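Engineer: Please read through the structure below; I'll follow up with questions.
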Amino acid sequence: MTMVISCRVITPNGLLWEGTAEDLILPTRTGQVGILREHGSMLSALNVGVVKVNSGTNLLKFFIMEGFAEVEKNSVSILCAGAEEATTIDAEKAQAELKRLTSLVKTASTN
């Protein structure tokens, strides 16, 4: 029997994803951290970045806003300010939003 890691990605809107993984990579404040079965307990702050979940049959990617990850033996809970599965991101909309926000930053002034 292959042991797996139970995973959850939770946002303020609720549970975004729940499933199992053979391993995953977290974007922590001190760099990327790989989580394997039987990992020791850990609580870590997460940066804005990509969580990579290897389910054994495919690789899922979630873009997350900063948050926290709680790792317990064969269980990972990711609590973040926002998240989206990478396959649902519209690249054209994201580029347009980046351009709009960059323009706002360039024209902003401080008092």
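Engineer: Could you please tell me which pairs satisfy a Cβ distance under 6 Å, a separation of 6+ or placement on different chains, a first residue in region 55-73 that is of a type outside the set (A, V, I, L, M, F, W, C), and a second residue that is part of a strand (DSSP E or B) and open to solvent by 40 Å² or more (accessible area, probe 1.4 Å)?
Structural biologist: Every condition considered, the pairs that remain are LYS61/VAL50; LYS61/LYS52; GLY67/LEU79; GLU70/LEU43.
Engineer: Do we have GLU18 as on the phi < 0 side of the Ramachandran plot, loosely packed, with under 13 Cβ neighbours inside 10 Å and in contact with a Cys (Cβ under 8 Å, 6 or more places away or on another chain) here? Before the answer, list the steps.
Structural biologist: Details: on the phi < 0 side of the Ramachandran plot: yes; loosely packed, with under 13 Cβ neighbours inside 10 Å: yes; in contact with a Cys (Cβ under 8 Å, 6 or more places away or on another chain): yes.
Answer is yes for this residue.
Engineer: In addition: Quick check, is VAL9 open to solvent by less than 80 Å² (accessible area, probe 1.4 Å), under 19 Å from ALA81 (Cα atoms) and either in a strand (DSSP E or B) or among the aliphatic types (A, V, I, L, M) (or both)?
Structural biologist: Numbers: open to solvent by less than 80 Å² (accessible area, probe 1.4 Å): yes; under 19 Å from ALA81 (Cα atoms): yes; either in a strand (DSSP E or B) or among the aliphatic types (A, V, I, L, M) (or both): yes.
The answer is yes for VAL9.
Engineer: Next up: Could you please let me know if LEU79 is modelled with pLDDT of 95 or more and surrounded by 15 or more Cβ atoms within 10 Å (Cβ to Cβ)? Before the answer, list the steps.
Structural biologist: On the way: modelled with pLDDT of 95 or more: yes; surrounded by 15 or more Cβ atoms within 10 Å (Cβ to Cβ): yes.
Yes: the conditions hold for LEU79.
Engineer: Which one of the conditions (1) without any contact (Cβ under 8 Å) to a residue 40 or more places away in the chain; (2) not in a helix (DSSP H, G or I) does ALA96 fail to meet, given that it meets all the rest?
Structural biologist: (2)
Engineer: Within region 62-87, which residues are more than 22 Å from ASP23 (Cα to Cα) and either of a type in the set (Val, Ile, Thr) or in contact with a helix residue (DSSP H, G or I) (Cβ under 6 Å, 6 or more places away or on another chain) (or both)?
Structural biologist: Within region 62-87, no residue meets the criteria.
Engineer: May I pose another question? Being under 16 Å from ALA86 (Cα atoms) and either surrounded by fewer than 16 Cβ atoms within 10 Å (Cβ to Cβ) or of a type in the set (S, T, N, Q) (or both) is the filter here, so list the residues in region 51-60 that pass it. Give the steps one after another, and end with the answer.
Structural biologist: Within region 51-60, the subset under 16 Å from ALA86 (Cα atoms) is 51-55, 58-60.
Listed by number, the residues that qualify are ASN54, SER55, ASN58, LEU59.
Engineer: Anything in region 27-43 that is closer than 14 Å to GLU72 by Cβ and crowded, with 16+ Cβ neighbours inside 10 Å? List them, or say none.
Structural biologist: Of all residues in region 27-43, those closer than 14 Å to GLU72 by Cβ come to 35-43.
Matches in region 27-43: ILE35, HIS39.
The values are calculated or read from the model by the stated rules, or taken from the named source; none is laboratory data. Predicted model, so just to flag it, every value in this text is computed and none were measured. Here the Cβ is made from the backbone with ideal geometry for all residues, glycine too, and neighbour counts use every protein chain on show. Side chains are part of the model used for accessible areas, which takes the heavy atoms of the whole protein and leaves out ligands, DNA and RNA. Shrake-Rupley method; radii C 1.70, N 1.55, O 1.52, S 1.80 Å.
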